[in-house]
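The values are calculated or read from the model by the stated rules, or taken from the named source; none is laboratory data. All of these numbers come straight from a predicted model, not from anything done at the bench. We place every Cβ from the backbone using ideal geometry, glycine too, and count neighbours over all the protein chains shown. Please note that ligands, DNA and RNA were not included when accessible areas were found on the heavy atoms of the full protein model with its side chains. Shrake-Rupley method; radii C 1.70, N 1.55, O 1.52, S 1.80 Å.
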Amino acid sequence: QVQLVESGGGLVQPGGSLRLSCEVSGSIFSILNMVWHRQAPGKQRELVAFILSGGTTKYTDSVKGRFTISRDTAKSTVHLQMNSLKPEDTAVYFCNTNFRGIQYWGQGTQVTVSS
């Protein structure tokens with residue numbers, strides 16, 4: 001079984017930065033494709049960014065140039081560096097992966113961007 005544990009959320013002013021982390025249990029991290037999603041109040045969950053096991057990354061248009069996804073294989077952790085945060089980035093952020101056809105999700109971490 002794969003377990004995902006997010007951390008790093010919080011309250012930040014517009015224009016500020018946060019770094020989210022998602023630690024993955026087990027020894028399979030290197031083969032996993034990792035995804036960050038977010039869900040704002042009253043809205044559907046949306047994909048924010050993903051990083052493939054080989055390092056290829058992709059971002060949703062609204063975060064391009066502001067967010068960076070990366071992975072640390074030695075620590076079995078995926079990060080989401082979020083800069084120039086905007087109020088519309090306020091959401092619960094979830095990390096996610098698929099292993100052997102099963103979707104695994106973390107518990108989510110709240111990000112609030114407000115002055």
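Things worth noting here:
- Number of residues in the range 1-41 that are touching a helix residue (DSSP H, G or I) at 6+ places or on another chain (Cβ under 9 Å), part of a loop (DSSP other than H, G, I, E, B) and open to solvent by 40 Å² or more (accessible area, probe 1.4 Å) equals 1.
- Residue check for SER53: assigned to a loop (DSSP other than H, G, I, E, B), touching a Gly at 6+ places or on another chain (Cβ under 9 Å) and open to solvent by less than 70 Å² (accessible area, probe 1.4 Å): no
- Taken together, the residues in the range 20-58 that are under 17 Å from THR90 (Cα atoms) and not hydrophobic (A, V, I, L, M, F, W, C) amount to 10.
- Qualifying residue in the range 25-35 (condition: within 24 Å of SER114 (Cβ to Cβ) and among the small types (Gly, Ala, Ser)): no
- Among residues of the range 23-34 that are among the small types (Gly, Ala, Ser), those with a Cβ under 7 angstrom from a residue that is crowded, with 17+ Cβ neighbours inside 10 Å, sequence gap 6+ or separate chain, pair up as SER25/VAL2; GLY26/VAL2.
- Scanning the range 93-115 for residues that are open to solvent by 40 Å² or more (accessible area, probe 1.4 Å) and closer than 16 Å to GLY10 by Cβ yields GLN107, GLN110, THR112, SER114, SER115.
- Residue in the range 67-79 that is aromatic (Phe, Trp, Tyr) and open to solvent by less than 20 Å² (accessible area, probe 1.4 Å) present: yes
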